[in-house]
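Participant: This structure is in structure tokens; I'll ask about it shortly.
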Amino acid sequence: MNLLYNHLSVNEQGHLTIGGMDTVELAATYGTPAYIMDENAIRNQMQTYLRAARESFGADALPLYASKALCFTGIYRIAAEEGMGVDCVSGGELYTARAAGFPASRIYFHGNNKTVRDINDAMDMGVGTFVVDNTEELLSIEAHAAARGITQRILLRISPGIDPHTHKAISTGSVDSKFGSAIETGQAMAIVKLALEQQHVKLAGIHCHVGSQIFDNEPFKAAADIMTRFIAVIKAECGYELEELNLGGGLGVPYTEYDREVDYAAVIREMAEITKGFCVANGIKMPRVILEPGRSLVAAAGITLYTVGSVKEIPGFRTYVSVDGGMPDNPRYALYQSRYTALIANCPNAPRTERVTIAGRCCESGDLIGEDMPLQATKRGDILAVLTTGAYNFAMASNYNRLPRPPVILVRDGVARVAVRRESYEDLIKNDL
Ligand code: LLP
């Protein structure tokens, strides 16, 4: 069957492998459910972005890893070793990055409602750049910076008015957003002017992020175009030339054989052609470009292993295959009806003759990993693998029904190591007084 990615294969025992390691053995060693990640697949994707960004935008271009996609100390160490920056969006992500020793100067601090504690923590840490969402936040950061006698480097989050899911540049789609200030309403220019009046923030540039899991190149090109033009408008109106342009993340990832592959380098090249072309034609200094992918760096690298429990056929309706995890470790079907590819890891080459609903073990009928999924015939005790779970699975996991969160196991060059240990029942009650 189509395993979607090169780091997945089938060995002589007929078992699914990840990074060359037998998933049935991994399940036996680490238990299920477990997230298994191929570390080389993550590093390769980071290198793809680094190379493409530098080739297309210039040697100073910097891709950030949007760490909301998958957050634990080890992933910040990997990002640091590869030379990436990171996007953190909360005090908890900042704390994790700091614990991992990630260089604060390469952290971009996001969020549409940074708390006083977040701002203080980030300034204590010396976070390089704040991405400022709104006027009130701008003034708050100015006040904090003034009290500390520092100048804080900032970008402003701008809404370019692109709805990526309609494939068109339309205005209302993203003007009505909790994030940023829209160009169209004049609020973007107003916040730029306000930022330029402040004494303790340095306006380095502007940021946008048009959406997530986008396969079409057009929204990215439109964003590059609109944002570069806005830099020119700022120069003309304020006599101030921005040095940095952050074009966000959002590139898609195949979850099933029906999703197309994405040529990440090509999308980056197309954005660069637009930005560079406009700058040259209009006498604007080419800004340093920042990219901010999350999903496309880690999703494909991960799989989740479960043990099959009951297999229940309801004649005339459907077959439920229940596994020992569910919406607490992967809430994405319950939230977004996201499609996944599943297979039986102990016989992935067997034909997928069944169409099943994969159910979790929570007391909730919506606790499903997917419906109408092709799968090999299966029985209690089989190991079931769900592919492409590296992004927004562990990061969004909960303890619903008091299920402990699964471990994150990194495999690399034939060696597996626990990057995040499985939660214990003791962990579950450790904050209960
Ligand atoms: N930058 C900003 C400001 C973002 O808000 C996001 C994602 C990213 C970068 C990274 O986007 P990516 O490359 O991962 O698409 N929980 C949802 C995805 C939410 C994305 C939120 N922001 C899911 O499971 O599909």
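The values are calculated or read from the model by the stated rules, or taken from the named source; none is laboratory data. Because the structure is predicted, anything quoted here is derived from the model rather than measured. Because the Cβ atoms are built from the backbone with ideal geometry, glycine has one as well, and the counts that use them run over all protein chains shown. Surface accessibility is based on the protein's heavy atoms, side chains included, excluding ligands, DNA and RNA. Shrake-Rupley method; radii C 1.70, N 1.55, O 1.52, S 1.80 Å.
Participant: Given the pairs Lys312/Lys430; Lys68/Lys379; Lys193/Lys276; Lys68/Lys235, which are separated by over 31 angstrom at their Cα positions? List each step's numbers first, then the result.
Facilitator: Values: Lys312/Lys430 36 Å; Lys68/Lys379 35 Å; Lys193/Lys276 25 Å; Lys68/Lys235 33 Å.
Listed pairs above 31 Å: Lys312/Lys430; Lys68/Lys379; Lys68/Lys235.
Participant: Just for the chain, what percent of DSSP beta bridges are antiparallel, to the closest 5?
Facilitator: On the way: 33 of 70 bridges.
Of the beta bridges lying entirely in the chain, close to 45 percent run antiparallel.
Participant: A follow-up question, please. Can you order the peptides 110-119, 21-30 by their average number of other Cβ atoms within 10 Å per residue, highest first?
Facilitator: Working: 110-119: 17.0, 21-30: 19.2.
My ranking of the peptides, most packed first, is 21-30, 110-119.
Participant: Kindly provide the helix-only [θ] at 222 nm of the chain, computed as the sum of -39,500 (n - 2.57) over DSSP H runs of four or more divided by all residues, to the nearest 500 deg cm²/dmol?
Facilitator: -9500 deg cm²/dmol
Participant: What is the calculated FRET efficiency for Asp124 to Arg54, with r their C-beta to C-beta distance and R₀ = 41 Å, to the nearest 0.05?
Facilitator: Numbers: r = 32 Å, r/R0 = 0.78.
FRET efficiency, Asp124 to Arg54: 0.80.
Participant: Give the residue from Gly248, Gly101, Val420 lying farthest towards the positive end of the charge dipole for the chain; charges sit on Cβ (+1 for Lys and Arg, -1 for Asp and Glu) and the dipole is referred to the Cα centre.
Facilitator: Farthest towards the positive pole: Gly101.
Participant: Convert each backbone phi in region 408-413 into a coupling constant with the Karplus relation 6.51 cos²θ - 1.76 cosθ + 1.60 (shift: θ = phi - 60°), then list the ³J(HN,Hα) values in order as whole Hz, x for Gly and Pro.
Facilitator: Values per residue, Gly and Pro as x: 10, 10, 9, 10, 7, 6 Hz.
Participant: Further question: Leaving out ligands, DNA and RNA, and with a 1.4 Å probe, what % of the accessible surface on region 136-236 is carbon or sulfur? Working shown, then result.
Facilitator: Working: 2280 of 4310 Å².
Carbon with sulfur: 53 percent of the solvent-accessible area.
Participant: Something else: To one decimal place, what orientation-averaged projected area in nm² is obtained for the convex hull of the Cα set of the chain?
Facilitator: Values: hull surface 88.7 nm².
Averaged projected hull area, Cα only: 22.2 nm².
Participant: What is the percent carbon and sulfur in the accessible area of region 1-112, measuring with a 1.4 Å probe over the protein chains and ignoring ligands? Before the final figure, lay out each step's value.
Facilitator: Details: 1820 of 4000 Å².
Here carbon and sulfur together make up 45 percent of the probe-accessible area.
Participant: Could you go through region 271-276 in sequence order and give the Karplus-derived ³J(HN,Hα) for each residue, using 6.51 cos²θ - 1.76 cosθ + 1.60 with θ = phi - 60°, rounded to whole Hz, and x for Gly and Pro?
Facilitator: Whole-Hz 3J(HN,Hα) from phi for region 271-276: 5, 5, 4, 5, 5, 4.
Participant: Using the heavy atoms of the protein chains and a 1.4 angstrom probe, tell me the accessible area per residue for region 350-433 in square angstrom.
Facilitator: Result: 52 Å² of accessible area for each residue.
Participant: Considering the dipole of the chain built from charges on the beta carbon (Lys and Arg +1, Asp and Glu -1) around the Cα centre, which of Gly381, Val10, His144 is farthest to its positive end?
Facilitator: His144
Participant: Residues of region 130-281: accessible area per residue at 1.4 Å, in Å²? Don't skip to the end; give the middle numbers.
Facilitator: Values: 6420 Å² over 152 residues.
Accessible area per residue, region 130-281: 42 Å².
Participant: What full-extension length gain, to one decimal in nm, is calculated for Glu241 and Asp372 as 0.36 nm per residue of separation minus the Cα-Cα distance?
Facilitator: Working: separation 131, 0.36 × 131 = 47.16 nm, distance 5.35 nm.
Roughly 41.8 nm would be gained on extension.
Participant: I need the calculated FRET efficiency for the pair Asp427 and Val233, taking r as the beta carbon distance and R₀ as 51 Å, to the nearest 0.05. Write out the running numbers ahead of the final one.
Facilitator: On the way: r = 52 Å, r/R0 = 1.02.
So the FRET efficiency works out to roughly 0.45.
Participant: Moving on to the next point. Rounded to the nearest percent, how much of the accessible area of region 368-433 (1.4 Å probe, protein heavy atoms only) is carbon and sulfur? All intermediate terms of the calculation are to be shown ahead of the outcome.
Facilitator: Values: 1740 of 3300 Å².
Within region 368-433, the accessible surface is 53 percent carbon and sulfur.
Participant: Compute the length gained on full extension between Glu25 and Leu196: take 0.36 nm times their separation in residues and subtract their Cα-Cα distance, giving the result in nm to one decimal.
Facilitator: On the way: separation 171, 0.36 × 171 = 61.56 nm, distance 5.87 nm.
Gain in length upon complete extension: 55.7 nm.
Participant: Another question, if that's okay. Suppose every K and R has +1 on its Cβ and every D and E has -1 on its Cβ; what is the size of the dipole of region 112-196 about the Cα centre, in Debye to the nearest 20? List each step's numbers first, then the result.
Facilitator: Numbers: 8 positive and 10 negative charges, 32 e Å.
My answer is approximately 160 debye.
Participant: Using a 1.4 Å probe and counting only protein heavy atoms, arrange Tyr240, Tyr95 so the residue with the most accessible area comes first. Walk me through the numbers on the way to the answer.
Facilitator: Details: Tyr240 65, Tyr95 150 Å².
Output order, biggest surface exposure first: Tyr95, Tyr240.
Participant: Additional query: Give the residues of region 393-433 whose amide nitrogen is closer than 18 Å to a point set 7 Å from the Cα of Asn11 in the direction of its Cβ.
Facilitator: Within reach of a label on Asn11, which here means backbone N under 18 Å from a point 7 Å along Cα→Cβ, region 393-433 contributes 409-418.
Participant: Quick one: what Rg and Dmax do you get for region 282-406 from the alpha carbons, in Å?
Facilitator: Radius of gyration, then largest Cα-Cα span, for region 282-406: 17.8, 70 Å.
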